[in-house]
Amino acid sequence: MIARLQSHYRDKVVPALKKQLGRENPHALPKLTKIVVNMGVGKASQDQKILEEAVEHLTLITGQKPQICRAKKAVSAFRLRQGMEIGCRVTLRGQRMYEFLDRLVTLALPRVRDFRGLNPKAFDGRGNYSMGLNEQLLFPEVNADKVKHLQGMNITIVTTAETDDEARVLLQEIGLPLRTE
């Protein structure tokens, strides 16, 4: 079973990209490589249950078990020791990546209060796009009654695009609601 967004990419986005970028070879067109979803849980140094809750929610949202991230350095100002568990992340590829992006665009982003579109300048210079969400409640998989701690997340969309302009065209064709200046 192919994800809805994956078939949309193959049937509609690839021909549109060929036309806009002026390339015939489908392998020369930019495409999505992976999506990395990251939750930095700074409060986990005081209370381990906060990290466990974040891991549980990230598992529900992405459908994949997160990797626990540890502190690389000790920072006394933050009461942080080297090796402490301070976050979790998931790298999505293939069908799960397309399903997550579909749910992000169609379900989560419309639930953001006063949403006027994503920042079109959040590209890194190499064709990758990063964005942040303030809370995990935007996803319908998370039960709002069971949430004890609101937790934000960073989402990075990695593409094979050489430039930001190519990546911008790709993400707009896929359906990411980028704000127009």
Practice problem: Check LEU104, LEU60, LEU80, LEU32 and return the single one that is modelled with pLDDT under 85 and either surrounded by 17 or more Cβ atoms within 10 Å (Cβ to Cβ) or among the hydrophobic types (A, V, I, L, M, F, W, C) (or both). | Solution: LEU80
Quiz item: Are there any pairs, at least 6 apart or on different chains, whose C-beta atoms fall under 8 Å, with the first in region 24-48 and without any contact (Cβ under 8 Å) to a residue 12 or more places away in the chain and the second surrounded by fewer than 20 Cβ atoms within 10 Å (Cβ to Cβ), and if so, which?
Solution: GLU24/LYS18
Practice problem: Can you give me the number of residues within region 23-46 that are under 19 Å from GLU135 (Cα atoms) and over 20 Å from the mean Cα position of the chain (by Cα)? | Solution: 2
Exercise. Among residues belonging to region 135-181 that are of a type in the set (S, T, N, Q) and within 21 Å of GLU99 (Cα to Cα), point out the one that is surrounded by the fewest Cβ atoms within 10 Å (Cβ to Cβ).
Key: ASN143
Quiz item: Are any residues in region 134-178 over 15 Å from LEU104 (Cα atoms), among the aliphatic types (A, V, I, L, M) and without any contact (Cβ under 8 Å) to a residue 60 or more places away in the chain, and if so, which ones?
Solution: ALA144, LEU150
Exercise. Take the residues in region 83-100 that are of a type in the set (A, V, I, L, M) and modelled with pLDDT under 90, then tell me which one is farthest from GLU52 (Cα to Cα).
Key: MET84
Exercise. Collect the residues in region 136-172 that are of a type in the set (Gly, Ala, Ser) and within 20 Å of CYS88 (Cβ to Cβ), keeping them in residue-number order.
Key: GLY152
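Each row is one residue, and each column tells you yes or no for (1) more than 29 Å from LEU107 (Cβ to Cβ); (2) acidic (Asp, Glu); (3) touching a helix residue (DSSP H, G or I) at 6+ places or on another chain (Cβ under 8 Å); (4) not in a helix (DSSP H, G or I).
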site: LEU17; (1), (2), (3), (4): no, no, yes, no
site: GLN20; (1), (2), (3), (4): no, no, yes, no
site: ASN38; (1), (2), (3), (4): no, no, no, yes
site: LYS49; (1), (2), (3), (4): no, no, no, no
site: GLU52; (1), (2), (3), (4): no, yes, no, no
site: GLU56; (1), (2), (3), (4): no, yes, no, no
site: THR59; (1), (2), (3), (4): no, no, no, no
site: GLN64; (1), (2), (3), (4): no, no, yes, yes
Quiz item: Just checking, which of ALA77, ALA54 is under 29 Å from LYS146 (Cα atoms), out of contact with any Asp or Glu (no Cβ under 6 Å at 6 or more places or on another chain) and among the hydrophobic types (A, V, I, L, M, F, W, C)?
Solution: ALA54
Exercise. Quick one: which residue in ALA108, ALA167 is farther than 20 Å from ALA54 by Cα and either in contact with a helix residue (DSSP H, G or I) (Cβ under 9 Å, 6 or more places away or on another chain) or not in a loop (DSSP other than H, G, I, E, B) (or both)?
Key: ALA167
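The values are calculated or read from the model by the stated rules, or taken from the named source; none is laboratory data. None of the values given here were measured: they were computed from a predicted structure. For neighbour counting, all protein chains shown are included, and Cβ atoms are generated from backbone atoms with ideal geometry for every residue, glycine included.
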